[in-house]
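The values are calculated or read from the model by the stated rules, or taken from the named source; none is laboratory data. Since this is a predicted model, take the numbers as computed values, not measurements. Cβ atoms come from the backbone with ideal geometry, glycine included; neighbour counts cover every protein chain shown. Note: accessible area is taken over every heavy atom of the protein model, side chains too, but ligands, DNA and RNA are not part of it. Shrake-Rupley method; radii C 1.70, N 1.55, O 1.52, S 1.80 Å.
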2 protein chains.
Amino acid sequence: MSKKKQKPNRPKARRPRGFEDKSADIIRAENRLIAAAFAVYDQNGFEPLQTPAFEYADALGKFLPDEDRPNTGVFALRDDDEQWMSLRYDLTAPLARFVAENFDALAKPYRRYQAGSVFRNEKPGPGRFREFVQCDADSVGAPGAAADAEMVMLAADVMRAVGLKDGQYQVRVNNRKLLDGILENTGVPNTNEGAIQRLKVLRAIDKLDRLGEAGVEALLGEGREDDSGDYTEGANLGKDAIKAVLGFTIASAGGRVDTIANLEKLVGNSERGMSGCQELVDIDHILSAVGIGDDRAAFDTSIVRGLGYYTGPVFEVELLTDIKDRKGRPVRIGSIGGGGRYDDLVSRFRGQLVPATGFSFGVSRLLSALERLDALENTSNPPVFVTVFDRALLGEYFKMADEMRTAGLRAEVYVGTGNITKQMKYADRRGVQLAVIMGEDELSRNEVTVKDLALGAEMAKAIKSNEEWKSARPAQETVARENLIDYLKQALNK
Amino acid sequence: MSKKKQKPNRPKARRPRGFEDKSADIIRAENRLIAAAFAVYDQNGFEPLQTPAFEYADALGKFLPDEDRPNTGVFALRDDDEQWMSLRYDLTAPLARFVAENFDALAKPYRRYQAGSVFRNEKPGPGRFREFVQCDADSVGAPGAAADAEMVMLAADVMRAVGLKDGQYQVRVNNRKLLDGILENTGVPNTNEGAIQRLKVLRAIDKLDRLGEAGVEALLGEGREDDSGDYTEGANLGKDAIKAVLGFTIASAGGRVDTIANLEKLVGNSERGMSGCQELVDIDHILSAVGIGDDRAAFDTSIVRGLGYYTGPVFEVELLTDIKDRKGRPVRIGSIGGGGRYDDLVSRFRGQLVPATGFSFGVSRLLSALERLDALENTSNPPVFVTVFDRALLGEYFKMADEMRTAGLRAEVYVGTGNITKQMKYADRRGVQLAVIMGEDELSRNEVTVKDLALGAEMAKAIKSNEEWKSARPAQETVARENLIDYLKQALNK
């Protein structure tokens, strides 16, 4: 070998782009969110499910192009037996596969909750990761609006459970059938034939916030050229149809009951439209029975909720805020999750119709929203820190920490090799409030020293050696060994 | 298109081979195990960490072959920018990457815990999955035996926390330095030169259980031919060296203190051997101080703990049982996890030595072991089932369930569309104990009917219609509406 090759060729320590390491505070906060949601689902009789990270690419479907390497949007690899496997991009497609595979063994409606990493092979951006955690609940096998009402109720209850106050969130419910019915009345058939036109209408409505009524009107009609000169083809609806659709998007200005009255007029005699109205009536009935008012769950005909596989009621959870930005405009946090009915996803596998409805939220997205709303509890709980003043006394230190833990306290013995100054710096970086110090002298007197690091942080910087430390004793108290646990509990308010 | 193509071409619902869907009971039990372990780590002042599922292949190292497609043992794929990424195969290699990447920002010792899926691209077999959950705790930056003692203590405490009784488990500790020292005394240098020979000795000792002393003796010497005629090359130790190694493997027949005395004789003047002994002295000191006796943590010189990256103390957690097989032999459950010191893993990235020690167990493996030891609590908690006797009363049913949940009970309203017979079948499959039934009549009398499904299961089978049901009323009681919650709580012992 040449001399050049002998230079150590070390790998660079870096995480893959678009992936994140999560810090302790974030993990604790996210786990609390998930636990709060799970508790709600569990109390409602849902059961947990875990499916693998991989699915066969053809089972996942959706994003799969007809290419040799189906990796657009998903992470895919070819298994030893030449079958393409993909990492799941959501938790719904794997649920559909699971239900189809175990159809006869499952009591239906099958109601499950699940949280887990999903993967998107997309260009990473700020706050946009290629692996993130979703938290889902779904009912499979229940065609009626009761199951949809339950999902809306769960969404509202989960928002309360994660610490939001009423008024800080609103579940906004729409129903795909309503627009289908209104379009049907204006001559867009409610069959596959009209599918592309319906999709264009949905896309147009979805841009209401951004483009305003005039922009949407153009997209519902012949089309629209944006400022950059890009032209978007329109849905080619006639004048009356455009009016009907625009009227529909503002039909929900009032409460749930008023909205239903408006909608009943708009859908006219369309069977599908009337069925959509009846579902909203049923949903309102159940929400009202459990005391969920318009403040917590409204009907909102401008909700589109993606373009994918929804077939009936759809909803989004909007976080509301009175935070103002620097220009005094209310800060919009927007939707943190949503769901709806998707009756076709399981039937992909089985042929027969398998109705399903669900609710999903992104855990990180909800967490950031809660942070901005100051709705996160601060639950920092640094351990009591047992310093190693004299290595010969390690056994005593571990015994002390053991007693603290038995008493329910969090406790840590320093297992590094630094001197007392280094140990105090470490404790400081760890956010420790109370440090316990015991040398031979204290041991012989059956005493320990407890130092309040918050109080003593400044003074500590000047101290260099064990001896200096013992004589200076900044912000510390001597406590009888047998009173140590009581003293610590009192100092920590436990 | 031909007529043949019009036949629906549906994807087959099947999960990828070697991957599993986990059922509710398993998930609940595994989550309890993880929560119990996390509580122990947290109380000891460890902090949670989550790293991504992917790492760059060169950062993971270890299994990576110098091939174009480095997929031996790992799941790897090439990112858009041509870099190879691999799914993590354990939680230790990503920890090393994380610590190396954030070295200056971390207070050291950095002590973290983590649980998560790891992936092995191996041939699946019964109970051997290609994705499984590991649960790890590690200290990075602590060179002394105190950190190792802490790991042994944590392992013993986690076993208690997951529900094992003392006597059902034993942590068995060895130290790589001891064998290094003994081999050094017999002329195998404690340098890279002797590395292959040392590895062969470790491999031989690891087969003690299977091959017995004679087989190991052959493997330590010239080599061994097995029954199938396969020949394994030996470590080529001399007669005295073989005797010393075999003597070493049985040096731990007594308690920790006796074992140390034996080992001090065996390692003689080898510096590395003496250092290994001193570490065991330090570990024993701390374990004894916190009251962990030989029954919970023993020294065991036959422990090898894989051949990988360990550099000092190593340990395994052995589950013990008095279960006998059909031939009356005690059933061996074996090791459910272990750990040890690995001082070189972070230095791969940084050059400088970064000492580390850890403990890891496989969650499914521990769970199966607990099942076999009957050490799992049964915490089945089926929901109270609110039947939908009359769809017009759905609101009342949801209101009732809401009251139950407010009272801390688990409750489920039937959201499917089956009649009462179907609903009862569903409740039965769900393991429901108590079902609540209310029709118009009961509502007008302010009463509900509560049915005990366990009692009534047999009778229910004969009942066909809602009307029959109401007249038969098997194993059920009429309860005043305002007493419902109290009645349910009493019936469920809550």
Practice item. Provide an ascending nm list, one decimal, of label-point separations from B:Ser380 to the equivalent residue in each further copy; define each label point as 7 Å from Cα along Cα→Cβ. Key: 4.6
Practice item. Assign one of three labels to region B:357-439, namely rounded, prolate or oblate, based on the Cα gyration tensor with a ≥ b ≥ c the square roots of its eigenvalues; rounded applies when a/c is under 1.5, prolate when it is not and a/b is larger than b/c, and oblate otherwise. Key: prolate
Practice item. For region A:79-151, take the alpha-carbon Rg, divide it by the Kirkwood Rh, and send me Rg/Rh. Key: 1.07
Practice item. State, in square angstrom and to the nearest 100, the accessible area buried between chains B and A, both chains counted, probe radius 1.4 Å. Key: 8400 Å²
Practice item. Point me to the residue of chain B whose C-beta lies closest to the B-onto-A rotation axis, rounding the distance to whole angstrom. Key: B:Leu77, 2
Practice item. Please calculate the 1.4 Å probe accessible area of A:Asp428, with all protein chains present, and give it to the nearest 10 Å². Key: 90 Å²
Exercise for review: Kindly provide log₁₀ I(q)/I(0) values, in the same order as q = 0.05, 0.07 Å⁻¹, from the Debye equation applied to equal alpha-carbon scatterers of the protein assembly as shown.
Suggested key: -0.39, -0.74
Practice item. Would you mind getting the accessible area per residue of region A:256-320, heavy atoms of the protein chains only, 1.4 Å probe, in Å²? Key: 38 Å²
Practice item. Please compute P(r) over all alpha-carbon pairs of region B:17-139, binned at 5 Å starting from zero, and give each bin as a whole-number percent. Key: 2, 10, 17, 18, 19, 15, 11, 6, 2, 0
Review point. Rounded to the nearest 20 Debye, what is the dipole magnitude of region B:10-163 about its Cα centre when Lys and Arg each give +1 and Asp and Glu each give -1 at the C-beta?
Key: 940 debye
Practice item. Quick one: grab Rg to one decimal and Dmax as a whole number for chain B, Cα atoms only, in Å. Key: 29.8, 95
Review point. Carbon and sulfur: what percent of chain A's accessible surface (1.4 Å probe)?
Key: 47 percent
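For the pairs B:Lys399/B:Lys425; A:Lys399/A:Lys489; A:Lys108/A:Lys177; A:Lys108/B:Lys425, flag any whose C-alpha to C-alpha distance is greater than 20 Å. It would help to have the intermediate numbers written out before the result.
Values: B:Lys399/B:Lys425 23 Å; A:Lys399/A:Lys489 17 Å; A:Lys108/A:Lys177 24 Å; A:Lys108/B:Lys425 10 Å.
With Cα atoms farther than 20 Å apart: B:Lys399/B:Lys425; A:Lys108/A:Lys177.
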Study note, to complete from the structure: By accessible area (1.4 Å), largest first, B:Phe129, B:Phe54 order as B:Phe129, B:Phe54
Exercise for review: Give the long-range amide H neighbours of A:Phe389: residues separated by 5 or more places, or on another chain, with amide H under 5 Å away, using H modelled in the peptide plane at 1.01 Å from N.
Suggested key: A:Met438
Point to revise | Karplus-derived HN-Hα couplings along region A:231-241 (A = 6.51, B = -1.76, C = 1.60, θ = phi - 60°), whole Hz, x at Gly and Pro | key: 10, 10, 5, x, 7, 6, 6, x, 4, 5, 5
Practice item. Kindly state, to the nearest 0.05, the FRET efficiency for B:Asn236 paired with B:Val257, given R0 = 35 Å and r defined as their beta-carbon distance. Key: 0.50
Check your understanding: Once the Cα atoms of helix A:394-406 and of chain A are each reduced to a long axis, what angle between those two axes, in degrees from 0 to 90 to the nearest 10, is obtained?
Key -> 40 degrees
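How large is the convex hull of the C-alpha atoms of region B:254-389 per residue, in Å³?
Taking only Cα atoms, region B:254-389 has a hull volume of 220 Å³ per residue.
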Point to revise | Taking region A:252-401 and dividing mean pair separation by its residue count, relative contact order in percent (alpha carbons under 8 Å, at least six apart) | key: 14 percent
Practice item. For region B:319-377, build the convex hull from the C-alpha positions and give me its volume per residue in Å³. Key: 108 Å³
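Under 8 Å for C-alpha pairs, at least 6 residues apart: give me the relative contact order for chain B, rounded to a whole percent.
13 percent.
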Check your understanding: Using the alpha-carbon atoms, what tilt in degrees (0 to 90, nearest 10) does helix A:176-185 show relative to the longest principal axis of chain A?
Key -> 20 degrees
Exercise for review: Just the number, please: Stokes-Einstein D of region A:156-249 in µm²/s, Kirkwood Rh from C-alpha pairs, 37 °C, 0.692 mPa s.
Suggested key: 222 µm²/s
Practice item. List the distances, in nm and shortest first, from the label point of B:Glu122 to the matching label points in every other copy, placing each point 7 Å from Cα along the Cα-to-Cβ direction. Key: 3.6
Revision key, fill the gap. Sites removed, the longest contiguous part of chain B containing no DSSP-loop GluC sites (Glu not before Pro) with at most 16 other Cβ within 10 Å is B:223-376
Review point. Given the protein chains as shown and a 1.4 Å probe, how many square angstrom of B:Val162 are accessible, to the nearest 10?
Key: 20 Å²
**Study point:** Accessible area, probe 1.4 Å, largest first, for residues B:Val363, A:Val133
**Key:** A:Val133, B:Val363
Study note, to complete from the structure: Here the residues of region A:421-443 whose accessible area is at least 40 Å² smaller with all protein chains than in the chain alone (probe 1.4 Å) are A:Tyr426, A:Arg429, A:Arg430
Revision key, fill the gap. The Cα radius of gyration of region B:391-435, divided by 2.2 N^0.38 Å with N its residue count, comes to 1.18
